1. Taking the range 45-71, which residues are in a strand (DSSP E or B), closer than 15 Å to Thr33 by Cβ and not small (Gly, Ala, Ser)?
2. Going through the range 100-121 one residue at a time, which ones are under 16 Å from Tyr37 (Cβ atoms), assigned to a strand (DSSP E or B) and open to solvent by 30 Å² or more (accessible area, probe 1.4 Å)?
3. Mind listing just one residue for me: the one in the range 5-44 that is more than 17 Å from Thr118 (Cβ to Cβ) and not in a strand (DSSP E or B) and, of those, nearest to the chain's Cα centre (by Cα)?
4. Looking at (1) modelled with pLDDT of 95 or more; (2) within 18 Å of Val117 (Cα to Cα), which is the one condition that is false for Ser56?
5. Within the range 38-49, can one find any residue that is under 20 Å from Val2 (Cβ atoms) and open to solvent by less than 30 Å² (accessible area, probe 1.4 Å)?
6. If only one of Ser21, Ser27, Ser62, Ser17 is among the hydroxyl-bearing types (Ser, Thr, Tyr), surrounded by fewer than 20 Cβ atoms within 10 Å (Cβ to Cβ) and modelled with pLDDT under 95, which one is it?
7. Could you list, in sequence order, the residues of the range 52-79 that are under 11 Å from the mean Cα position of the chain (by Cα) and closer than 18 Å to Ser25 by Cα?
Amino acid sequence: QVQLVESGGGLVQAGGSLRLSCIASGSIFSIGTMGWYRQAPGKQRELVATITSGGSTNYADSVKGRFTVSRDNAKNTVYLQMNSLKPEDTAVYYCNVDRLTTSRTYYYNQWGRGTQVTVSS
């Protein structure tokens, strides 16, 4: 069994910063692309940023230059550094892994439960 657990969300004023973390637990051999998505009330879940196992990154246009995604493969952890936060960044942020290999099987498209980020104006 594997699990993705996010942390680091909270309430911050516009212009502030937060750092989200997501750790994958279990008997993990390898992890593919890790990423962050978000869902605001009444809206569909959208891509925020992804990072491949080799370190290549991809960002939504709305966060380019403000957010930075990184990962620590030894710790099975992905991070999202969010700077210059805006009220429109308010959402539940979800961690995602496209493929995860354990000692017994493969897991595809795994999601965490999410962490709330609220940016006040």
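1. Scanning the range 45-71 gives Leu47, Val48, Thr50, Ile51, Thr57, Asn58, Tyr59, Val69, Arg71.
2. Tyr108, Asn109, Gln110, Trp111, Gln116 - these are the residues of the range 100-121 that are under 16 Å from Tyr37 (Cβ atoms), assigned to a strand (DSSP E or B) and open to solvent by 30 Å² or more (accessible area, probe 1.4 Å).
3. So, considering only residues that are more than 17 Å from Thr118 (Cβ to Cβ) and not in a strand (DSSP E or B), the one nearest to the chain's Cα centre (by Cα) is Thr33.
4. (2)
5. Checked the range 38-49: no residue is under 20 Å from Val2 (Cβ atoms) and open to solvent by less than 30 Å² (accessible area, probe 1.4 Å).
6. Numbers: Ser21 fails: modelled with pLDDT under 95; Ser62 fails: modelled with pLDDT under 95; Ser17 fails: modelled with pLDDT under 95.
Going through Ser21, Ser27, Ser62, Ser17 in turn, the sole match is Ser27.
7. Passing the criteria: Ser70, Arg71, Thr77, Val78, Tyr79.
The values are calculated or read from the model by the stated rules, or taken from the named source; none is laboratory data. Here the structure is a predicted model, which means the values were calculated and not measured. In this analysis, Cβ positions are derived from the backbone assuming ideal geometry, glycine residues included, and neighbour counts consider all displayed protein chains. Side chains are part of the model used for accessible areas, which takes the heavy atoms of the whole protein and leaves out ligands, DNA and RNA. Shrake-Rupley method; radii C 1.70, N 1.55, O 1.52, S 1.80 Å.
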